[in-house]
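Asks: The following block contains the structure, expressed as structure tokens.
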């Protein structure tokens, strides 16, 4: 069974491999953090039924990209765009490896602000539902097989 942490760890490893010298934060950046850096957030997780034995797990992630800022706390737009594109490129294959499986992921450039850019990532995979507790066996059944005319 794949957990939210498994997916976040896989994304962390992809970023670490591509940007070995950058800080990577999860869910919250500390005050005064060093740039360049990344922030991985999971704003939403949802589960929906596929059939009686299977559910689809959908995990939305936001990867925020930070580069150096100037005296007015603005980053160069071309530096942000390059960083965003490099992060987006990590998900070109459409899958990430986690929990011993290759799970589907869809990535898009989410947007850009004065000092940050972000990539939106949606990861989808199927899991088996927990087996319900078995009902007690039926003891006896009585069936009346006599035919009565009306």
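Asks: Is it true that some residue in the stretch 16-23 is loosely packed, with under 11 Cβ neighbours inside 10 Å, more than 19 Å from the chain's Cα centre (by Cα) and farther than 15 Å from residue 118 by Cβ?
Replies: Looking for residues that are loosely packed, with under 11 Cβ neighbours inside 10 Å, more than 19 Å from the chain's Cα centre (by Cα) and farther than 15 Å from residue 118 by Cβ, one finds at least one in the stretch 16-23, hence yes.
Asks: For the structure I just gave you, tell me whether residue 90 is closer than 20 Å to residue 18 by Cβ, surrounded by 11 or more Cβ atoms within 10 Å (Cβ to Cβ), in contact with a helix residue (DSSP H, G or I) (Cβ under 6 Å, 6 or more places away or on another chain) and touching a residue at least 60 places away in the same chain (Cβ under 8 Å).
Replies: yes
Asks: Could you give every pair whose Cβ atoms fall below 9 Å, whose first residue belongs to the stretch 119-138 and is free of Cβ contacts under 8 Å to residues at least 60 places away in the same chain, and whose second residue is surrounded by 15 or more Cβ atoms within 10 Å (Cβ to Cβ) and outside any strand (DSSP E or B), counting only separations of at least 6 or pairs across chains?
Replies: Filtered contacts from the stretch 119-138: 119/84; 119/87; 119/88; 119/90; 119/91.
Asks: Could I ask something else about it? Looking at the stretch 93-138, which of the residues that are modelled with pLDDT of 90 or more and assigned to a loop (DSSP other than H, G, I, E, B) is surrounded by the fewest Cβ atoms within 10 Å (Cβ to Cβ)?
Replies: 100
Asks: Do you know which residues across the stretch 102-112 are in contact (Cβ under 8 Å) with a residue 24 or more places away in the chain and more than 14 Å from residue 57 (Cα to Cα)?
Replies: The answer is 109, 110, 112.
Asks: Scan the stretch 4-16 residue by residue and report those that are more than 10 Å from residue 38 (Cβ to Cβ) and without any contact (Cβ under 8 Å) to a residue 24 or more places away in the chain.
Replies: Selection gives 5, 13.
Yes or no, residue by residue, for (1) more than 24 Å from residue 106 (Cβ to Cβ); (2) under 14 Å from the mean Cα position of the chain (by Cα); (3) modelled with pLDDT of 95 or more; (4) surrounded by fewer than 11 Cβ atoms within 10 Å (Cβ to Cβ):
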{"position": "10", "(1), (2), (3), (4)": "no, yes, yes, no"}
{"position": "14", "(1), (2), (3), (4)": "no, yes, yes, no"}
{"position": "27", "(1), (2), (3), (4)": "no, yes, no, yes"}
{"position": "54", "(1), (2), (3), (4)": "no, no, no, no"}
{"position": "61", "(1), (2), (3), (4)": "no, yes, yes, no"}
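Asks: Right, another one. If I filter the stretch 29-48 down to residues being more than 14 Å from the chain's Cα centre (by Cα) and surrounded by 13 or more Cβ atoms within 10 Å (Cβ to Cβ), which single residue comes out as nearest to residue 60 (Cα to Cα)?
Replies: 38
Asks: Which residues, counting only those in the stretch 63-101, are within 17 Å of the chain's Cα centre (by Cα) and over 19 Å from residue 120 (Cα atoms)?
Replies: Of everything in the stretch 63-101, those that are within 17 Å of the chain's Cα centre (by Cα) and over 19 Å from residue 120 (Cα atoms) turn out to be 99, 100, 101.
The values are calculated or read from the model by the stated rules, or taken from the named source; none is laboratory data. Since this is a predicted model, take the numbers as computed values, not measurements. Neighbour counts are summed over all protein chains in view; Cβ atoms, including those assigned to glycine, are modelled from backbone coordinates with ideal geometry.
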